[in-house]
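**Student:** Dumping the structure here so I can ask a few things about it.
FYI, it's all coordinate maths here, none of it is from the lab. In this text, all values refer to a predicted model and were calculated from it rather than measured experimentally. Heads up, the Cβs are rebuilt from the backbone with ideal geometry, glycines too, and the neighbour counts pull from every protein chain shown.
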Amino acid sequence: MSQKNDVTITQKITQLDELVAWFDSDEFELEQSIEKFKEAEKLAKEIETDLDKLKNSIEVINKTFNKE
């Protein structure tokens, strides 16, 4: 799990883009589509969580700077 924490948001977005591209590629196989979809869905949720954390950090920094 710590390995996942080391992956940046940009890297996760790249992975998600690759998964989405797979659905339009010649490598697409119906049998693998459910597993790939689940993987993409999990990755999208991780990205959303990471972005929310980043947004919260930025808001805290903004509040700190706006007080001074």
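**Student:** Which one of LEU54, LEU16, LEU30 is surrounded by 12 or more Cβ atoms within 10 Å (Cβ to Cβ) and not small (Gly, Ala, Ser)?
**Tutor:** So the residue among LEU54, LEU16, LEU30 that is surrounded by 12 or more Cβ atoms within 10 Å (Cβ to Cβ) and not small (Gly, Ala, Ser) is LEU16.
**Student:** Another question, if that's okay. How many of the residues making up region 33-47 are more than 21 Å from ASP6 (Cβ to Cβ), surrounded by 12 or more Cβ atoms within 10 Å (Cβ to Cβ) and hydrophobic (A, V, I, L, M, F, W, C)?
**Tutor:** 1
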